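Just passing along the structure, written as structure tokens.
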Amino acid sequence: MRFDYFVVPFCAGFGYLIIVLLFTYGRWINELGEGAALKIFKSLLTRKTLLASREVFQECLVHRKVFRVNPLLGYMHMSLALGWFLLIVIGKFEASYFTGEFTNEFYFPIFFRFFELSPHRTFTLQFFNALMDFLLLFILSGVALALYKRFKSSAMGMKNSTKHTSGDKWALALLWMIFPLRLFAESLTAGFAGNGSFLTQPLGNLLGMILPVRMLATPVWWGYSIVLGGFMVALPYSRYMHIPTEILLIFLKNWGIKPKDSISGMAFFELYSCSRCGICIDRCQLNPAINKKNQMVYFLRELRAGNEVTQMAHNCLLCGRCQEICPVGIDLTNLRTISRKQKDNAHIHSSSYPSIPMHSFSTKVLYFAGCMGSLTPGIRKSMETILEVSGEKYLFLDKEKSYCCGRPLKLAGRLAEAEKVSQNIKEAIVSSGANTLVTSCPICYKSFKDDYKCELRVLHHSEYLLELIQGGMISIRSGNKRLVYHDPCELGRKSGIYTQPREILTKLGSLTNVEEAYGKSLCCGGSLGHLTISMEEREQIQKSTAEYLNQDNPDCIATACPLCKKSLTKFSESPVKDIAELIAENLIKSNYKDHKTKKSNLAEAVRIDT
Amino acid sequence: MNKTIVIVGGGPAGLEAAAALGSSPHHVLILEKEHNTGGKLKNWHHLFPNFADASEILKSLEKSLPLNNSEIKYDCDVFKMEQMDGNLLVSLKSGEKIKADAVLLATGFDLFDAYKKEEYGHGIYKNVITSSELEGMFVNNSFPDQLKDGLPKKIAMVHCVGSRDKKAGNMHCSKLCCITGVKQAIELRKYLSKSSVYNFYMDLRMYGQHFEELYQEAQEDYGVNFIRGRVSEIAEISDGKLQVKAEDTLSGRPMKMIFDLVVLLIGMTPATSAASIAQSLALPKSGSGFLAPVHQHISANETCIPGLFLAGTCREPLSLQESITDARAAALKIIEWLKLKDNH
């Protein structure tokens, strides 16, 4: 058996890490909830596992998403992750090839150059040797970049980088020391044994000229082992816990495990997968001067540490811009939202909520303007005009009175009340017998689509209007107005509807693009997700977003959300219009008369009944 | 030595200041952006609290303008000013530049754009009008058909539209809409004897002489109803009728009422025409965006720019009476300043 006492710190650290990980993950997996085990078991031998493996390779090793943020930043992450991974794997192959047997002492490949002193002669061994030196160089380039980033994060596209705790700084120091120590240990050994390659051998020879390399080698190998072991002991308590956790998270996600509405099980996997890279910081539109250390990276850190986070949880627009860019793909807004949940029922009012009168009609289509739709009569009136011209029989569900879909309550952490409010609308929807529900409000849309679980088609009006146009139910005049489209958070990032509104707009005029669009779209500042923000700060966001959208002096800013429309109108130079309004303005009403005669008196019937 | 005084704006404040400066030997030049003088007074019918004829007042303001030392230039947009050797160089959009020894800004106010409170439906529902539009109907004696037929009508007056409303971006009180609402409610009752009028208010600020009396009169003699509560939204139901949702804060209940006409009492906002001038001189503004004088109490007409003075509603919401007094005060300050300048 190959052994030296210096391997003990490494082995102890490694053993400790394995025990802690098994214990921690065991506990979380236990908390995943009923049915999780079955779900995992069923998915284990399916394509999902393959997809997850691919994702692990792309995100945990190559760091594809970080590359998209900034290539240099991506390279830094990749060199450390992929480089280290290959160093371990190739090292194992090298050791197995050398000894001729696959199994050997688990520390042997890591300290291979210490134990194997003979200069290698065969071509294969020389190749392995060179490859290992190359990988070490690859990692060291990453460490050098990481050091550089500490002093100048802007060089890697980051205006702000995370302010780390002292614990994280210690772990960071240990991580950075690992690879230079390995370089020196191997070089010193090469200095007297000649077992190095293109990097370690010349350095070893150089050191040999000025230092007693034979005497120094063993202490440096000790240092290498201690630092490695120390890092592994520190890992579960530092941000580096993300290294093993993210891999598991990716598998669990692919197997269909969803986070529950409490901080347990899956939420822990998400929390510990945060590498605190700080990419989310620059994406936050809340003024950094007022909201110091409140962005997602800090929120998750406090949450993970078990500190009181209620205030932090509420200080967020829930716009999802950070989530869109998060390289780990953590469901950040969900973690904020569930942390808002009231711990006691002290604040819950026993208010009663108005109930929708039940109808049963032969209409296929239900229209729901939403409470924000009632505050923007321009939108609801346009929808009424369009629906009338299209000849579609429909029921205007909240014409007489506004009802809350429940989402604002849910975002405020009042899940029980949200449920109570939504129950009543749900019954009205189901009893109507309609097969399509159209809403003008992306907030209602998200809620109907994801939370109500009714068995009918839920469409945002942008989807529905496009269907009407494509189906020839309405026709519109094309114009030459220069339009800019603003993606509403709840419609774009939260519901994935990006193309339908744009397709409509290209029919109405020429659509110019802005950089911060699609998933990167700015929050209009009207967010219902933030209840504690001051009016001044809200106005700052509204103003800057309106200015941003006006940068090319468009003839009109188009959006698809009543709340965005209201927020942007306040400070926008050019008019802000909903796509429904733009369609209504450009509607060709030639065949309107035919429809009108054909139309049953349904609209009247509805009016009388309500 | 004779000096040039430029007055920007030929509304009541500008006209009155020019008249007051008429006794001085200086040359007074009024720069008016429209075809004629009078500003928003042109479009007003009767004035609170005594129903004085606005056109008569405007006529007397214009008449008192001495023509020997003053001149009015129409259709000129002032967009920039700069300080030059103790004088002010006034730049017009036409490219013309005028050297002035003193400048009086009497740029007035803008009316709040009611569309910014979209929930009230102005510009969307034909029967939602603003107080200024109603005044215009009285001036031109042209009313929409639905107000003509003599049938009983229900009319709502909505107070504080765009004033004291953080969400609309205006924290300030425009202070004249309360009494305007009372005055117009009486006028509507006189014009449509079978109508009923409801005023929705937060609180009524009857600060001026005879204001409170008019408020009493409105209730006792004209049967105008006052409901304490802010309107949340207005929706068109059928035949152009409007459903108004509000909260009656005295009974603590939400309420809904149907009206034939809704009048929005829109407030005053800082004039956009003064914005570029203020920017070119880095003139400070008050919190609500009106031009800020050096001292609200003792130097209300002076600015931090030597030779630049303020009069009327460019610095805060004022009634006509207050604007006229303010213009006289500003004129006096200008004469003092020019005297001081001569002695140096």
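The values are calculated or read from the model by the stated rules, or taken from the named source; none is laboratory data. Being a predicted model, the structure only gives us computed values, none of them experimental. When we count neighbours, we look across all protein chains shown, and the Cβ atoms used for this are built from the backbone with ideal geometry, even at glycine.
Return only the number of the condition from (1) under 29 Å from residue A:470 (Cβ atoms); (2) more than 14 Å from chain B (Cβ to nearest Cβ); (3) assigned to a helix (DSSP H, G or I); (4) over 34 Å from the mean Cα position of the chain (by Cα) that residue A:430 does not satisfy.
Failed condition: (4).
Mind listing whichever residues of the range B:260-277 are over 19 Å from the mean Cα position of the chain (by Cα) and surrounded by 23 or more Cβ atoms within 10 Å (Cβ to Cβ)?
Correct list: B:261, B:262, B:277.
Of the residues that sit in the range A:465-512 and are in contact with a strand residue (DSSP E or B) (Cβ under 9 Å, 6 or more places away or on another chain) and among the small types (Gly, Ala, Ser), which one is farthest from residue A:283 (Cα to Cα)?
Top of the filtered list is A:475.
So, one more: Is there a residue in the range B:121-132 that is within 14 Å of another protein chain (Cβ to nearest Cβ), in a loop (DSSP other than H, G, I, E, B) and surrounded by 24 or more Cβ atoms within 10 Å (Cβ to Cβ)?
There is at least one residue in the range B:121-132 that is within 14 Å of another protein chain (Cβ to nearest Cβ), in a loop (DSSP other than H, G, I, E, B) and surrounded by 24 or more Cβ atoms within 10 Å (Cβ to Cβ).
Shifting gears a bit: Can you name the residue in the range A:458-500 that is at pLDDT 95 or above and assigned to a strand (DSSP E or B) and is also surrounded by the fewest Cβ atoms within 10 Å (Cβ to Cβ) among such residues?
Selected residue: A:482.
Moving on to the next point. I'd like the full set of residues that are surrounded by fewer than 24 Cβ atoms within 10 Å (Cβ to Cβ), in contact (Cβ under 8 Å) with a residue 60 or more places away in the chain and not β-branched (Val, Ile, Thr), limited to the range B:1-18.
Answer for the range B:1-18, where residues must be surrounded by fewer than 24 Cβ atoms within 10 Å (Cβ to Cβ), in contact (Cβ under 8 Å) with a residue 60 or more places away in the chain and not β-branched (Val, Ile, Thr): B:1, B:3.
If you don't mind, another one. Looking at (1) aromatic (Phe, Trp, Tyr); (2) within 14 Å of chain B (Cβ to nearest Cβ); (3) in contact with an Asp or Glu (Cβ under 9 Å, 6 or more places away or on another chain), can you tell me which one residue A:403 breaks?
(3)
Same structure, new question: Can you tell me which residue in the range B:245-265 is farthest from residue B:118 (Cα to Cα), limited to those that are in contact with a helix residue (DSSP H, G or I) (Cβ under 7 Å, 6 or more places away or on another chain) and more than 14 Å from chain A (Cβ to nearest Cβ)?
Once the filter is applied, the top-ranked residue is B:260.
Could I ask something else about it? Would you be able to tell me the number of residues in the range B:157-171 that are out of contact with any Phe, Trp or Tyr (no Cβ under 9 Å at 6 or more places or on another chain) and among the aliphatic types (A, V, I, L, M)?
Total meeting the criteria: 1.
Within 25 Å of the chain's Cα centre (by Cα), closer than 30 Å to residue B:178 by Cα and not assigned by TED's automatic domain parsing to the domain that holds residue B:12: which single residue out of B:62, B:32, B:118 fits that description?
Criteria check complete, one pass: B:118.
Give all pairs with beta carbons closer than 6 Å in which a residue from the range B:224-238 that is more than 8 Å from every other protein chain (Cβ to nearest Cβ) meets a residue that is surrounded by fewer than 19 Cβ atoms within 10 Å (Cβ to Cβ) and aliphatic (A, V, I, L, M); count only pairs at least 6 apart in sequence or on separate chains.
As it stands, the answer is B:228/B:250; B:230/B:202, since those pairs meet every condition given.
Moving to a separate point now. Checking the conditions here, which among A:138, A:102, A:108, A:184 is crowded, with 18+ Cβ neighbours inside 10 Å and not in a helix (DSSP H, G or I)?
Working: A:138 fails: not in a helix (DSSP H, G or I); A:102 fails: crowded, with 18+ Cβ neighbours inside 10 Å; A:184 fails: not in a helix (DSSP H, G or I).
A:108 is the lone residue from the list that is crowded, with 18+ Cβ neighbours inside 10 Å and not in a helix (DSSP H, G or I).
If residue B:242 satisfies all but one of (1) more than 14 Å from every other protein chain (Cβ to nearest Cβ); (2) closer than 16 Å to residue B:134 by Cβ; (3) over 17 Å from the mean Cα position of the chain (by Cα), what's the number of the condition it fails?
(1)
Could you tell me whether residue B:316 is surrounded by fewer than 23 Cβ atoms within 10 Å (Cβ to Cβ) and within 20 Å of the chain's Cα centre (by Cα)? Spell out how you get there, then give the answer.
Numbers: surrounded by fewer than 23 Cβ atoms within 10 Å (Cβ to Cβ): no; within 20 Å of the chain's Cα centre (by Cα): yes.
The answer is no for residue B:316.
Cβ-Cβ distance below 7 Å, separation of 6 or more or different chains: which pairs start in the range A:255-268 with a residue that is surrounded by 18 or more Cβ atoms within 10 Å (Cβ to Cβ) and end on one that is of a type in the set (Phe, Trp, Tyr)?
Cβ pairs passing all conditions: A:265/A:28; A:268/A:28.
Restricting the search to the range A:553-573, which residues are within 13 Å of chain B (Cβ to nearest Cβ), hydrophobic (A, V, I, L, M, F, W, C) and surrounded by fewer than 24 Cβ atoms within 10 Å (Cβ to Cβ)?
A:571
Can you tell me which residue within the range B:187-213, out of those that are farther than 25 Å from residue B:251 by Cα and hydrophobic (A, V, I, L, M, F, W, C), is farthest from the other protein chains (Cβ to nearest Cβ)?
My answer is B:211.
Only one residue in B:156, B:114, B:102 is crowded, with 23+ Cβ neighbours inside 10 Å, in contact (Cβ under 8 Å) with a residue 60 or more places away in the chain and within 14 Å of chain A (Cβ to nearest Cβ). Which one? Even if it seems obvious, please write down each step before you answer.
Details: B:156 fails: within 14 Å of chain A (Cβ to nearest Cβ); B:102 fails: within 14 Å of chain A (Cβ to nearest Cβ).
Result of the check over B:156, B:114, B:102: B:114.
Filter the range A:515-538 down to residues that are in a loop (DSSP other than H, G, I, E, B), hydroxyl-bearing (Ser, Thr, Tyr) and either modelled with pLDDT of 95 or more or surrounded by fewer than 22 Cβ atoms within 10 Å (Cβ to Cβ) (or both), then give me how many there are.
Total satisfying the criteria: 3.
Still on this structure, please answer the following. Which count do you get for residues in the range A:155-166 that are closer than 11 Å to residue A:72 by Cα and in a helix (DSSP H, G or I)?
The qualifying residues number 2.
Quick one: count up the residues across the range A:190-207 that are out of contact with any Gly (no Cβ under 6 Å at 6 or more places or on another chain), part of a loop (DSSP other than H, G, I, E, B) and surrounded by 18 or more Cβ atoms within 10 Å (Cβ to Cβ).
Total satisfying the criteria: 3.
State which residue is nearest to residue A:321 (Cα to Cα) when the search covers only the range A:504-520 and only residues that are polar (S, T, N, Q) and within 28 Å of the chain's Cα centre (by Cα). Walk me through it before giving the result.
Step one: list which residues in the range A:504-520 are polar (S, T, N, Q), which gives A:506, A:510, A:512-513.
Restricting the remaining residues to those that are within 28 Å of the chain's Cα centre (by Cα) gives A:512-513.
Values: A:512: 22, A:513: 18 Å.
Looking at the filtered set, the residue picked out is A:513.
Given the conditions (1) in contact with a helix residue (DSSP H, G or I) (Cβ under 6 Å, 6 or more places away or on another chain); (2) of a type outside the set (Ser, Thr, Tyr); (3) free of Cβ contacts under 8 Å to residues at least 12 places away in the same chain, report the number of the one that residue B:219 does not fulfil.
Here residue B:219 clears every test but (1).
Does at least one position in the range B:301-308 carry a residue that is within 19 Å of the chain's Cα centre (by Cα), modelled with pLDDT of 95 or more and outside the structural domain of residue B:163 (by TED's automatic domain parsing)? Let's see the steps before the verdict.
Taking the range B:301-308 and keeping what is within 19 Å of the chain's Cα centre (by Cα), we get B:301.
Keeping just the survivors that are modelled with pLDDT of 95 or more gives B:301.
Remaining after also requiring outside the structural domain of residue B:163 (by TED's automatic domain parsing): B:301.
Taking every residue of the range B:301-308 in turn, at least one turns out to be within 19 Å of the chain's Cα centre (by Cα), modelled with pLDDT of 95 or more and outside the structural domain of residue B:163 (by TED's automatic domain parsing).
Let me ask another. Of everything in the range B:25-48, what is within 15 Å of residue B:135 (Cα to Cα) and either surrounded by fewer than 17 Cβ atoms within 10 Å (Cβ to Cβ) or touching a Phe, Trp or Tyr at 6+ places or on another chain (Cβ under 6 Å) (or both)? Give them in sequence order.
The answer is B:42, B:43, B:45.
Continuing with the same structure: Identify, from the list A:293, A:260, the residue that is more than 16 Å from the chain's Cα centre (by Cα), at positive phi and basic (Lys, Arg).
Selected residue: A:293, the only one of A:293, A:260 that is more than 16 Å from the chain's Cα centre (by Cα), at positive phi and basic (Lys, Arg).
Against the conditions (1) within 14 Å of chain A (Cβ to nearest Cβ); (2) in contact with a strand residue (DSSP E or B) (Cβ under 7 Å, 6 or more places away or on another chain); (3) hydrophobic (A, V, I, L, M, F, W, C), where does residue B:109 fall short? Just the number, please.
With respect to (1) within 14 Å of chain A (Cβ to nearest Cβ); (2) in contact with a strand residue (DSSP E or B) (Cβ under 7 Å, 6 or more places away or on another chain); (3) hydrophobic (A, V, I, L, M, F, W, C), residue B:109 is out only on (1).
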